[in-house]
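Asker: Encoded as C-alpha cells, here's the structure I'll be asking about.
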C-alpha cells in the first residue's frame, strides 16, 4: 500500500498533465467525467455549498485517479527505456569504405545505412543491428537481455545476428548493417516499452465501443429524469444528476483500460519478451495450437547414451571399450555421454592409446571414430552411414542389427551403430548405442494444463516418425510432426489456421522466418538470425523456447483482467443506484426511502459517498490492473465460475459495503 | 376449485403442453427453413411473383426486401383503413388519419397497439384482408430475421443470409397458416364465435340498449395469439366472452402465444448442430418467464385484502391467478392481448408487466423476435464475461469483435432509448400530459407503459391513457416503427457479419455457451441491462406507487 502511495505521488505530475481534455477525448468515459466536473465546478461557484464543492472535488479526483493509473503503467516502461537509451548515445562506427576490403573511416552510428560494413573489435560497442559476415566474437548482450553471460556470434549460420548497443568482448568481427538509423532493435524496444508505439488492440477497441454505448444509455437514463420527475413536481438538482451519471457510467474500467493494456506489454517485458504489438499479446491469449520444437523445448538439448547393446556375439566389455574409444574424440554432448556411460561400468578407462588417430565427424561420412596404431578402425554413426561404410569395406549390416535399431527408435531413442574393422579384416557391427532424448522435467504437467485450457500442443522434430511418436507419448503432447522440413511446418500452420485455430511457434533460423511470419504468434529467439527476428511478432531475449507457454498465459491474463474489471465495473452500478435513487427521489416520494437499504445518513451524504467510492475504487484497483488477475490454468468452466463469483458477485456486494463505510465518515462533515 | 388450485392446474397443463409440443414443433421449424424443396403452393406463389427461390441475398438485399415489403404493407393498410367507410360491410367503422397511421404501423410491426375500439374502428373487410394478413406476415417477418441470425452463426465465410421472400412465404404457408387453422378450430370448439351476422341489439338488465357485433372472430383469434400479435377483434380483447369465453379457451390462447417462441430455441439448437445451445436459451427464457409470473401472481394475490385478492379489472371467469398468467404471458411474448385490465393491477403487478416488456421481449418474446433478441443478449453476455476465460469472446466459433459488439449493443439499446425519450418528450408536451388519467406515479406508469409497449412491439395497453390524439398517435407510431425496424436492420447486419466470418473450429478454450452457468449469465445480463436503464423510471412509477 505504501509503495502504491509512493508511485502514485511520483506519477502525479504526469497525471495532472493528462487533465487536458484533448488527451481525455481518447477515453470517452473519462471525457464525460471531465465535462461533468467542469459543469459542477461552475455550479459550485454559484451554489457554494460544501456538498456541491465536495462532489466537484471528487469528480476531479476521479479523473486524476484515472490518469494516475495510466501514468504509473507508462512510467514503468519509461524507466526501462531510459536505460536502453543510454546504450546508443555515444556510439561511433568504424566503417569500411567500399565493402569488406576497404579502408576504415570513423562515422557516427546514426549515419550508418543498410549494407554498410563496419568493423568491431574487443571493447567496442556494435554500432547498429546487423549480421556478422566475417569472424567470431564473444558479445556482451546484457544491455538488451539483462543476461550477463557473454554469447558467441559468428559469421554464417544461425548465430550471425548482432544487436546495436551490445559490446564485443573478444576478437574482431565484420558486421553488415541491416537496419536504418532510428529503426534499430533498441529503438523499437524503447518505443515499445515507453508505450509510444502502442495501438489499441481489437478487443480493447470492441470493449471501448461497449463502454461508449453504455455511457450513452446512462446519459439517456439520467438525462430523462428531469422530464420524468415533472409529473411529481421538483426535479432533482443538476449536481445530483451529474453525480448519478458519473457513478453509473463505467468509469472504473474506462479509467483502467489503457493501464491494463500497457501493463500486459510490461509483463511480457519483465519476462524478457518483446512484443512488437499489443495485438500479438492478445493473440497469444487466443492461441489454440502451440508448435513446439522438440529439442531444447520439450527435451533437454542433448541426447544421452542410455545403454550399449552388444550385437554379433561379441564380448560385452570389449564392445563397451571400443564404443568408448570411438567417442573419445567426439566432443559433442552425445559423444561425451557415451564416455560417461562406459566409465560408469568399466574399470579400465584409459585415454586414447599412442599412435591412435582421431577421425572427426564430417558431413560426407556422417561418422566419427578412431584409427588405432595397429590398423584397426572403429567407427560410430547412424545405421545408414555405418551400413554404407560396411558395404564399402566388404561387410554388411545384419538384419538383427537393423531390428535392434528400429526397436530403439520406436522407444523414442536414437540408435548409433558401432563397427570395427580389424587390420586387413572385414568390418562388422559390434554394438548399438541407445541414445535417449530426455524429456525436461515437468513438461507433462504443463501439457496437461495446456490441454485443460483448450490448447493443443504439436511437437516438431526432425526425427523419424517412430522416434517422434515415442517421445510425443512420453512428453504427453497431443500430436507431432516428424521429419519436419520448414515447408511441412508452414503447411501445418496453414492447415491449423484454415480450421480456425490460432497458432503460436518459436523459431530462430532463417528458414523459420516464413513460418514465424505466418503464425499468429511467432516468437523469435534473440540468438536467431535477423530474418527470424524480423518475421516474428515477438522476440524472446532469453532465447528460451519453453517461454512460449508463459507468453500464452500472459496473453490470457491480459484478457481476463480486462473482462474481470469490466464485469466488476458494471456490477458496481446496482449498489450505486441503491445509494443515489432513494436520496434523489425520497423528497418526491417518501416511500422510496425504503430503498435506502444501506441506511445512509442523508441524501447528500449518500450521493457524496457514492461519488467518493466511485473515485476510490479506481485507485484500489490500480495494483490489480497492473499486476493482472491471478491466472491459474484451469478448465474454462471453472475459470469462468471463479471469476464470475469474484468479480461479478463481488462487484455487486463490494460497493454496498464501501459506500456504507464512506458514509459513516462523510456524515461527520458539517451540513451533511 | 379455488382460484389458486385452478391457477396452478392451468400453469401445470400449460407447462406440460409447451414442453411436449416444443420438441416436434422446433424440429419442424428447423426443417421448414432448411428443406431444399418448395411446396406446390409455394412454387405457384414464386411463379406469380417472379421470385427465384434458389437465389440467396446478402444482408443488405435482405434488409432492403424486408423494408420494402413492410413499407408497402403500411401503405396498403393505411389506404384500406382510410378507405373503409367506402368499402363493403363498413358498418360505420372509421378512424382519423393519425389513428389510421398508428394502426397501419402497429399491425405491420407486429405490435397491434389498438388506438381504436376493435368493433368501431375496423370493419370486417379491414379486419380480414388488412389486419389479419398482417397478423400472419408480420409474425413471419420476425421468424425470418431470427433465421438469418442462426444462419449467420452456422455459415462460414458466406456472403448471403437467406432469401427474405422464401423465408416469408415458408413462414406463412408452412408454419402460421396450418397452426392457426388448427388453433381456430380448437377455439371454435371451445366456444369462440365465427360468423358474419349482423349486429344484435339487446336490452340490458338496466334497461339500456346494447349493440352486440358478430364477426370472423375464431380465425382471427388464433393468429392473434399464435403470431404474438395481440390485436383484438373486440375492444375488450381476450376479456370479451366472444373472443375468450372460458378457462379452457383462456388456456389455449396462452398456449398459442407461447408455443412458437418457446419452440424456436429447439430450432436454434438443431440448426447449429448442438441441442444444448438451444436448451441454454430455452432455460434463459423460461427462467425469466417463471420468475416474472411468480412476481405478478404474488403481487396480484396479495394486492387486496379478502380471499380473492385484487379483482378490480379481472374477469370472474378467469380469476386472479389465470389473469396474472395471461398478463405475464402476453407481456413477455410481445403479444399484447389482454384478458384483464393491467391498469387496475397492483403497482408491482402492473410494474411486472411493464418490466416484461422493458427486458426487450425475450422471455420468450415474440415469434422470431424473442429468439433474435435472446441471441443478441447472448452475444452481450459472451462479450462481457467471455473475456474472463482469457480468450477473445466467441459465440459458436464466431468472434465477437468490434463490428459485432457495436451492432449487438446498439440493437439492445434502441428500444430503451425510444421508451425514455418518448416518455420524456410526452411529459414535456402539455397535450400529451393531459392524456394521462391518473395522478402521481401511476400516471407516469401509464405513459411509460404505453411507450414501453410500443417501442418493444408488444401492443398491450395500460388503459387510463387517452392515446387517441394526434401527438401520441404519431409518437407511438414512430416508437413502434423505430423499435421494430432499427433493431432488425442492425441484427441483419450482425447476421451478415457473422456469416462472413469463418467459423472457428476449436472452441474448447472459449467460453461454454451451453451450460446452466451461461443461462444464469444471460439472465444476469438481461436483468442488469434492463435494471440499469429503467431503474430511475421504474422508481418514479411503479416503485414509488408501491412503497
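Asker: Suppose we filter A:268, A:257 for residues that are touching a strand residue (DSSP E or B) at 6+ places or on another chain (Cβ under 6 Å), away from chain B (no Cβ under 11 Å) and in a helix (DSSP H, G or I); which single one remains?
Answerer: A:268 is the lone residue from the list that is touching a strand residue (DSSP E or B) at 6+ places or on another chain (Cβ under 6 Å), away from chain B (no Cβ under 11 Å) and in a helix (DSSP H, G or I).
Asker: Inside the range B:35-55, can you point out the residues that are touching a helix residue (DSSP H, G or I) at 6+ places or on another chain (Cβ under 9 Å) and either closer than 17 Å to residue B:171 by Cβ or assigned to a helix (DSSP H, G or I) (or both)?
Answerer: B:35, B:38, B:39, B:41, B:42, B:45, B:46, B:49, B:51, B:53
Asker: Also, quick follow-up: Sort through A:547, A:627 and tell me the only one that's surrounded by fewer than 24 Cβ atoms within 10 Å (Cβ to Cβ), more than 10 Å from every other protein chain (Cβ to nearest Cβ), in contact with a helix residue (DSSP H, G or I) (Cβ under 9 Å, 6 or more places away or on another chain) and in contact (Cβ under 8 Å) with a residue 12 or more places away in the chain.
Answerer: A:627
Asker: I've got another one for you. Would you confirm, using the coordinates I've provided, whether residue A:468 is away from chain B (no Cβ under 14 Å), in contact with a helix residue (DSSP H, G or I) (Cβ under 9 Å, 6 or more places away or on another chain) and either buried (at least 22 other Cβ atoms within 10 Å of the Cβ) or not in a loop (DSSP other than H, G, I, E, B) (or both)?
Answerer: Taking the combined requirement at face value, the residue does not satisfy it.
Asker: While we're on this one: If you take the residues of the range B:422-440 that are surrounded by 20 or more Cβ atoms within 10 Å (Cβ to Cβ) and in a helix (DSSP H, G or I), which of them is nearest to the other protein chains (Cβ to nearest Cβ)?
Answerer: Only one residue tops the list, namely B:424.
Asker: Let me ask you something else. Would you mind stating whether residue A:220 is at the interface with another protein chain (Cβ under 7 Å from one of its Cβ atoms) and closer than 30 Å to residue A:588 by Cβ?
Answerer: yes
Asker: May I pose another question? Starting from residues that are touching a strand residue (DSSP E or B) at 6+ places or on another chain (Cβ under 7 Å) and assigned to a helix (DSSP H, G or I), keep the ones in the range A:476-501 and report whichever is farthest from residue A:521 (Cα to Cα).
Answerer: A:488
Asker: Next question. Give the residues of the range B:90-132 that are touching a residue at least 60 places away in the same chain (Cβ under 8 Å), touching a helix residue (DSSP H, G or I) at 6+ places or on another chain (Cβ under 9 Å) and within 19 Å of residue B:217 (Cβ to Cβ), sorted by residue number.
Answerer: Result: B:91, B:107, B:112, B:114, B:116, B:118, B:127, B:128, B:131, B:132.
Asker: Further, regarding this structure: Looking at the structure I just gave you, is residue B:539 more than 12 Å from chain A (Cβ to nearest Cβ), crowded, with 21+ Cβ neighbours inside 10 Å and part of a helix (DSSP H, G or I)?
Answerer: no
Asker: In this structure, is residue A:305 surrounded by 18 or more Cβ atoms within 10 Å (Cβ to Cβ) and under 30 Å from residue A:360 (Cβ atoms)?
Answerer: Yes; evaluated as a whole, the condition is true for this residue.
Asker: Any residue in the range B:380-399 that is within 20 Å of residue B:107 (Cα to Cα), assigned to a helix (DSSP H, G or I) and either in contact with a helix residue (DSSP H, G or I) (Cβ under 6 Å, 6 or more places away or on another chain) or at the interface with another protein chain (Cβ under 7 Å from one of its Cβ atoms) (or both)?
Answerer: No, every residue in the range B:380-399 fails to be within 20 Å of residue B:107 (Cα to Cα), assigned to a helix (DSSP H, G or I) and either in contact with a helix residue (DSSP H, G or I) (Cβ under 6 Å, 6 or more places away or on another chain) or at the interface with another protein chain (Cβ under 7 Å from one of its Cβ atoms) (or both).
Asker: Separate question: With respect to the numbered conditions (1) on the phi < 0 side of the Ramachandran plot; (2) crowded, with 18+ Cβ neighbours inside 10 Å, which one is the sole condition not fulfilled by residue A:296?
Answerer: With respect to (1) on the phi < 0 side of the Ramachandran plot; (2) crowded, with 18+ Cβ neighbours inside 10 Å, residue A:296 is out only on (1).
Asker: Tell me which of these residue A:315 doesn't satisfy, since it passes every other one: (1) surrounded by fewer than 22 Cβ atoms within 10 Å (Cβ to Cβ); (2) closer than 25 Å to residue A:574 by Cα.
Answerer: (2)
Asker: Looking only at residues that are touching a helix residue (DSSP H, G or I) at 6+ places or on another chain (Cβ under 6 Å) and outside any helix (DSSP H, G or I) in the range A:558-596, which one is nearest to the other protein chains (Cβ to nearest Cβ)?
Answerer: A:589
Asker: Given the structure, is residue A:264 surrounded by 21 or more Cβ atoms within 10 Å (Cβ to Cβ), under 27 Å from residue A:452 (Cβ atoms) and in the same structural domain as residue A:59 (by the TED database)?
Answerer: Yes, satisfied.
Asker: While we're on this one: Only one of B:415, B:460 is closer than 30 Å to residue B:367 by Cβ, in contact with a helix residue (DSSP H, G or I) (Cβ under 9 Å, 6 or more places away or on another chain) and in a loop (DSSP other than H, G, I, E, B); which?
Answerer: B:460
Asker: Another question, then. If residue A:647 satisfies all but one of (1) under 21 Å from residue A:259 (Cβ atoms); (2) touching a helix residue (DSSP H, G or I) at 6+ places or on another chain (Cβ under 7 Å); (3) more than 14 Å from chain B (Cβ to nearest Cβ), what's the number of the condition it fails?
Answerer: (3)
The values are calculated or read from the model by the stated rules, or taken from the named source; none is laboratory data. Not measured: the values here are computed from a predicted model. No Cβ is skipped: glycine too gets one built from the backbone with ideal geometry, and neighbour counts run over all protein chains shown.
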